[in-house]
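For reference, the structure is listed below as structure tokens.
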Amino acid sequence: MIKSFSLKYCVWLVVAALFMGLAGCKAKKEAVQPRVISTKETRKAFRTLSMKKTEFTIETSSNKSSLNGTMRIARDSMIFCTIMPFPGMEFARLKIDEHGVTIIDRIGKRYLDQSFADLKSKYGLSLDYNAFEAILTNRLFIYGSSMYPNMSDFKSSAVTDTMFKSVDIAGLTMLQRSDNSVSQEFYLDSQKKVLSGKILTTAEGYFLEWNYSQFSQIGQVWFPSVIDLTFSTKNGKKTKFRIKHDGIELDSNKNFEFKVPESYQKVEMEEIIQLLG
């Protein structure tokens, strides 16, 4: 029973990871790559971001699952998560880096290693590491670009595929951009904290929305303790994903070791899809 539960939760971790980087599922043509105007950021940089405890919750129309674990982020390098429903007992370990997504199922002694290139080739999912890290650290980003924008890149001009539009709404700043396949939207408060974001695939009708709450000031940087994500399809189906942190630390020397034991069996994404079906 534990083996089955562990594998099931690993499957949901893969799905959640795909949702967080969503854009253009099964797109029939390549997305227009936006021109990067600036590589600067408006916030102080961090080297690592660590959470003492993270609660992961996934909810669909027929199921809701929650488990505890940890999350660590090495800036511009790796997102590292563990699932530990009981102290000292690790069920699963997840890594996202520039290569793709790797998940280790400790109980089932299996692992999945799926590159972003394969996901795009086989399933039309145009993912990249930068979108994952930006969403998890409440930062602005240009989808499909390896650079993070500066606030000065958001102009009060018409929306084009290379520029952003800035509009003031009820004390908030709304930032928008769009190209031939993807539209992005951000809302910022008066302190320029990102409060929420949206991605819409115009061709396929997939929609991802995320909201931040319970901010904590860590040094000179504000980070949300709660991230709520909702993934919607054009037929009305929704999947909700919540990440709730407790004990956020900047630049602590935490372990980022991620090694797959040689005895573990590799599984393919096709097997994951069959399990979900």
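Between Asp246 and Asp168, the contour length at 0.36 nm per residue exceeds the alpha carbon distance by 24.8 nm. Label-to-label distance, Glu90 versus Lys53, with points set 7 angstrom from Cα along the beta-carbon direction: 2.0 nm.
Per residue, how much space in cubic angstrom lies within the convex hull of the C-alpha atoms of the range 179-235?
Per-residue hull volume (Cα only) is 80 Å³.
Scaling the Cα radius of gyration of the range 214-277 by the globular reference 2.2 N^0.38 Å produces a ratio of 1.72. Between Phe215 and Asn180, the modelled label-to-label distance comes to 3.8 nm, taking each label 7 Å out from Cα in the direction of the beta carbon.
For the range 62-73, putting each phi into the Karplus relation 6.51 cos²θ - 1.76 cosθ + 1.60 with θ = phi - 60° gives couplings of 10, 8, 9, 10, 9, 8, 8, x, 9, 9, 9, 10 Hz, in residue order, rounded to whole numbers and with x for Gly and Pro. Measuring against 19 Å, Cα to Cα, the residue pairs Lys165/Lys237; Lys192/Lys254; Lys192/Lys244; Lys95/Lys254 contain Lys165/Lys237; Lys192/Lys254; Lys192/Lys244 as the ones spanning a longer distance.
Note on the range 163-277: along the principal axes its Cα atoms extend 56, 42, 25 Å, ordered by decreasing extent.
So which GluC sites (Glu not before Pro) in the range 210-277 end up in coil per DSSP with only 10 or fewer other C-beta atoms within 10 Å?
Glu257, Glu262
Here the simple spin-label model places points 7 Å from the Cα toward Cβ, and for Thr233 and Gln265 these points are separated by 2.8 nm.
None of the figures in this text is laboratory data; all of them are computed from the coordinates on show. Every value quoted in this text rests on a predicted model; they were computed, and no experiment measured them. For neighbour counting, all protein chains shown are included, and Cβ atoms are generated from backbone atoms with ideal geometry for every residue, glycine included.
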